[in-house]
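Below is one structure; the comments refer to it alone.
The values are calculated or read from the model by the stated rules, or taken from the named source; none is laboratory data. Nothing here was measured: the structure is a model prediction, and the numbers come from that model. Cβ: placed from backbone, ideal geometry, glycine included. Neighbour counts: every protein chain shown.
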Amino acid sequence: MSESGESWVLAFSCDDRPGIVAAVSGALFELGFTIQESQQFDDPISGRFFSRLQFAPASVPNTAALQLAVAEVLAPFEAEYTLEASTTRKRVLLLASKLDHCLADLLYRARTGDLSMDIVGVVSNHPREVYGNLNFGDVPFFHLPIAPGRKREQEQQISALRDELRVDLVVLARYMQILSDEFSVELAGRCINIHHSFLPGFKGARPYHQAYERGVKLIGATAHYVTGDLDEGPIIAQDVEAVSHRDVPEALVRKGRDIERRVLARAVRYHLENRVLLNGRTTVVFPD
């Protein structure tokens, strides 16, 4: 670790060509950085190369020199990249409806430091009273109801709020509203949703009841980026849990909520740490 106590993370993707790793690692070496973690993936189907590096200097780094060097070394490869200090805290806006288990979990993880992020607001289409004794701490709460036939107006209010609060990431914490195509495009790559099913399969509002009717032996949850195609965005994280014929729909719902909490938290963590790179309709996720 550097004397400044800060390391840096570079995540990038580009068309696969010889010399990418050598060029990037060489540039970092010339600037006096030590690579602490290096992960890469060469996708033989898309022909794209993906990489995430975490590195630290021996002393306080010249940030401008680092940014310039990274831009120059990646320019010939026409790479898409992010470069951030590992201590960078993203500003997160949570959207929720009546169900509060994912909302409560994210608030708790942020408060305890388990997720390194600043929750700058909670937006709900229901009033705050719906959440009973849920502890919002000093997180601002915004009640933005949806009038019949005026959903787009409410989305525009959220957009204005995003700009005002300088939001980096929007998380749909069981926000039970279908986003418009316009809003989905606006949030592309910056909005994570949790779906209460192991996608693809059992889509719709009652997946656990569908699962029960089919006698499934595994239930799960899926966290994905939001797109205009309902519940078909690039998947970030998934998990499952074994069930049996003894589990009635209510038991599946209870177990499902536990899965939803941990899957959403895992997806948010990966995004916060720049471990997720888009690869067309899929993702490359470098685990911690």
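A few comments on the model shown:
- Residues of segment 19-39 that are free of Cβ contacts under 8 Å to residues at least 24 places away in the same chain and not in a helix (DSSP H, G or I): Gly19, Ile35, Glu37, Ser38.
- Residue in segment 218-259 that is surrounded by the fewest Cβ atoms within 10 Å (Cβ to Cβ), counting only those that are polar (S, T, N, Q) and within 16 Å of Ile194 (Cα to Cα): Gln238
- Only one entry in Val263, Val276 is of a type outside the set (D, E, K, R), closer than 27 Å to Asp15 by Cβ, crowded, with 21+ Cβ neighbours inside 10 Å and assigned by TED's automatic domain parsing to the domain that holds Asp114, namely Val276.
- Segment 56-78 residues that are touching a residue at least 40 places away in the same chain (Cβ under 8 Å), paired with ones that are among the acidic types (Asp, Glu) and in a helix (DSSP H, G or I) (beta carbon under 7 Å, 6 or more apart): none
- Checking Glu37, Glu72 one by one, the residue that is charged (D, E, K, R), closer than 29 Å to Ile119 by Cβ and either buried (at least 19 other Cβ atoms within 10 Å of the Cβ) or outside the structural domain of Arg262 (by TED's automatic domain parsing) (or both) is Glu37 and no other.
- Cβ separations smaller than 8 Å between residues 6+ apart or across chains give the following pairs from segment 260-286 residues that are within 17 Å of His195 (Cα to Cα) to residues that are of a type in the set (Phe, Trp, Tyr) and assigned to a strand (DSSP E or B): Thr283/Tyr225.
- In segment 258-283, the residues that are over 11 Å from Ile219 (Cβ atoms) and of a type in the set (D, E, K, R): Arg261, Arg262, Arg266, Arg269, Glu273, Arg275, Arg281
- Cβ pairs under 9 Å, 6+ apart, first in segment 106-126 and more than 22 Å from Asp258 (Cα to Cα) and touching a residue at least 12 places away in the same chain (Cβ under 8 Å), second assigned to a helix (DSSP H, G or I) and among the polar types (S, T, N, Q): Val123/Gln157; Asn125/Gln154
- The residues on offer are Ala69, Ala75, and the sole one that is in a helix (DSSP H, G or I) and closer than 28 Å to Arg281 by Cα is Ala75.
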